[in-house]
Structures are given as structure tokens and as C-alpha cells.
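Enquirer: The structure's right below; bear with me while I get my questions together.
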Amino acid sequence: MNNKLFYLAPVVSLVGIAIPNHEAMAQQMQPKNPNSGNLQFGFRGTINPFTKNGTSWVSYGAQLRVKVARRFNTEWFADYYPSIMKGKTERKDIRAGAVALYYPLHEIYTGKECTPYFSFGTTATYTTITARKFDANEQQVSRWSFGILAGMGMLLHVTPKMDIGFVTQYIGQLGSRFKFNSTSTISPERFPVQLPTTKVNFEGQLLFCMSMNYTIGDLW
């Protein structure tokens, strides 16, 4: 009897060592922070119902999202706004920005159907306006404008890796003012828009954005 216990002792000791080692390896394989590092890519479209000075009412763009915490996400986007003013002048706006998303609910990405959020960030917009004279010569003016945005949105989780986002945002930005001629008839020597003045102008826009995002993987 004692001999049998003598032979079983090494086996019991090996099992006792293997169990803690297995638990330690499982803990090492788990991510340090499972609630962050998520990377998403998506396409977006924006509607601007209150146009002014020839701004486009619709845009096309793309975005990246990098999740930094359980309730915080970051969004990096770029939008393109093309428009035509009265068939004579072409305006193009390229807007890029960085936004922080805050999820107020405790259940985040845990199989819930939707996730509401608040957004706040900064934007930079490059605007060009091209006017064509009757003799085919062109005049082009451009400017930079910078601003901040804030809004409220909702994510609808279609699959564990795909969601559709809806957000309403207000953007306030500062930039030099374009001076538009109000006359309907433009002579060959006169353009419908002049170079930006040195006076700083405030512009506000209320935007409605829809996006479709897909999870690529985890960065960390």
C-alpha cells in the first residue's frame, strides 16, 4: 500500500503544478483591457438642410473609430461637400475632424440592440469656390475655417461586428468671409464671388449624419 502511494506521489504533484500553470497562462492570454482597442472603419453621408452661401446640402465621407475605454470612443472622419451655385459657380468643401464619443449607458457592446451616445470634437474645413467668366477664364478663391461640433446619436447593432449610426450635430466654425455679389446678371468683368475679406465670420450648420461601420479588429 505504501509502495502504491509512493508511485502515485509524483503524478499528484505534477497535476497540482499543471493546474496553477494553466490558470496563469489563461490570465496572460486575456487582453489587458478588453473594453478598448477596438478598430472600426465606415462610410458616412451627411445632410445639411439649411444651406447658406452655396454650401452643399449633402456630403460623402469615411471615418475610423478607435475605442479607448469602456464608455469612450474616438472618431476620425473626412467629408466632401460638392455644390453648384445658380449654375455659374462651383463650391467644394473638404472637412476633416476628430470627435470623442461618450456612451452614457453601462451596457456597452454586450449584445444590446442600440447604444446612445454624445459627441464633441473639432473640425477643419478647406473651401474653394470657382467662378467662370463668359470668356472661359476662371477665378478661384479658397479659405480655411476651424470650429467645434457637438451632438447626440444612436448606434444600431446589426451584427456583433457591424453597426449603423445616426447622429445630429451642430457645427460652429470661424473663417474669413466670402463676399458674394447679389446681382443676377454677371458681366464679363465681374465675378459672383470675391476674395475672402480679413474680417472673421461665424458660420453655424445643423447636420444629420448616417454611417455604416464595420469592426476590423483590435489594436491592443
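The values are calculated or read from the model by the stated rules, or taken from the named source; none is laboratory data. Note that the coordinates shown come from a computational prediction; the quantities given were computed from them, not determined experimentally. Cβ coordinates were reconstructed from backbone atoms using ideal geometry, including for glycine residues, and neighbour counts include every protein chain displayed.
Enquirer: All but one of (1) within 13 Å of the chain's Cα centre (by Cα); (2) closer than 22 Å to GLY204 by Cα hold for THR74; which doesn't?
Expert: Evaluating THR74 over (1) within 13 Å of the chain's Cα centre (by Cα); (2) closer than 22 Å to GLY204 by Cα leaves (2) as the failure.
Enquirer: While we're looking at this one, here's another question. Go through segment 96-132 residue by residue and tally those that are assigned to a loop (DSSP other than H, G, I, E, B), loosely packed, with under 14 Cβ neighbours inside 10 Å and at pLDDT 85 or above.
Expert: 1
Enquirer: Evaluate the following for VAL158: is it surrounded by 13 or more Cβ atoms within 10 Å (Cβ to Cβ), at pLDDT 95 or above and not basic (Lys, Arg)?
Expert: For VAL158, the condition - surrounded by 13 or more Cβ atoms within 10 Å (Cβ to Cβ), at pLDDT 95 or above and not basic (Lys, Arg) - is not met.
Enquirer: Quick one: count up the residues across segment 68-95 that are in a strand (DSSP E or B) and in contact (Cβ under 8 Å) with a residue 60 or more places away in the chain.
Expert: 2
Enquirer: Consider segment 33-66. How many of its residues are under 11 Å from the mean Cα position of the chain (by Cα) and either of a type in the set (A, V, I, L, M) or under 14 Å from ILE171 (Cβ atoms) (or both)?
Expert: Count: 4.
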